[in-house]
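> Questions regarding the structure given below will be posed in turn.
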Amino acid sequence: RSAFHSLHFLLFFPLVLWLTWALRRNPLARNLTLLAASYYFYMSFHAAYGLLIFTMTGIDFLVAGRIAASDNSKARRAWLTISVVSNLGMLGLFKYYNFFVDNLAAAAGSSAAPHHSLALPLGISFFTFEALSYTIDVYRGHLVPTKSVLKFYLFISFFPRMVAGPIIR
């Protein structure tokens with residue numbers, strides 16, 4: 001695991017810094033390395049959640065592009081709704097699933113209901129609100145969406161900011 005206070009992270013972080021410095025003249029290679037490092041860091045807590053952040057980031061990248069391309073206010077609002085519902089729905093699922101299942105079991109009189117407990121993904125609140133901030137800013141016309149999938153994925157998943165913030169535009 002790559003917790004900030006672990007030996008693993010103490011080896012991982014200097015390696016990423018060195019690679020970033022070594023690739024400073026090749027922005028594409030540097031960004032790909034940072035993206036790979038960010039996903040490695042994120043997935044070191046729970047590998048399956050790499051797919052979660054990858055999928056949610058992809059949805060928001062596509063939605064922002066559709067919002068910007070649409071001149072119909074109803075369509076723009078519908079695309080924004082997709083972003084809000086998918087992001088908050090996923091956040092709500094992971095944050096409250098265990099709570100609701102445990103309370104439903106308690107209400108039914110079972111103290112030890114068998115269920116699959118969901119572990120909270122690292123930084124889920126951060127990347128959810130970072131992505132929502134982006135799509136809302138595109139919707140409001142404060143931002144033109146990026147055309148670079150790589151830069152957007154790196155913006156959402158950049159590991160030093162993922163767990164510490166702040167959420168930025």
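> Checking understanding here: applying a Kyte-Doolittle mean of at least 0.0 and a length along the axis of at least 18 Å (C-alpha), which whole DSSP H helices in the chain pass?
Correct list, ordered by number: 7-22, 27-43, 49-69, 73-107, 124-140.
> Efficiency by 1/(1 + (r/R0)^6): what FRET value for Val84 and Leu32, r their Cβ-Cβ distance, R0 = 25 Å, to the nearest 0.05?
0.25
> Further, regarding this structure: Tell me, in nm to one decimal, what length is gained between Tyr40 and Asn72 on full extension, where the rule is 0.36 nm per residue of separation less the Cα-Cα distance?
Here the answer is 7.5 nm.
> Find the accessible area per residue for the chain; the probe is 1.4 Å, ligands and nucleic acids are left out, and the unit is Å².
58 Å²
> Also: For Val63, Val85, write out the residues from largest to smallest accessible area, computed with a 1.4 angstrom probe and no ligands counted.
Val85, Val63
> Right, another one. Add -39500 (n - 2.57) for each DSSP H run of 4 or more in the chain, then divide by its residues: what number comes out at 222 nm, to the nearest 500 deg cm²/dmol?
The helix-only estimate for the chain comes to -23500 deg cm²/dmol at 222 nm.
> Let me ask something else. Within region 11-169, what whole-number % of the accessible surface is contributed by carbon and sulfur, with the 1.4 Å probe and all protein chains included in the calculation?
Roughly 69 percent, rounded to a whole number.
> Determine Rg/Rh for the chain; Rg is computed over alpha-carbon atoms and Rh is the Kirkwood hydrodynamic estimate from the same atoms.
Taking Rh as the inverse mean 1/r over Cα pairs, Rg/Rh reads 1.05.
> How would Ser73, Ser86, Ser157 line up by accessible area, probe 1.4 Å, largest first?
So the residues, ranked largest to smallest area, are Ser73, Ser86, Ser157.
> With label points built 7 Å along Cα→Cβ from the Cα atoms of Ala107 and Val149, find their separation and express it in nm.
4.3 nm
The values are calculated or read from the model by the stated rules, or taken from the named source; none is laboratory data. Nothing here was measured: the structure is a model prediction, and the numbers come from that model. Don't worry about glycine lacking a Cβ; one is built from the backbone with ideal geometry, like all the others, and counts go over all protein chains shown. Accessible surface areas use protein heavy atoms only, side chains included; no ligands, DNA or RNA. Shrake-Rupley method; radii C 1.70, N 1.55, O 1.52, S 1.80 Å.
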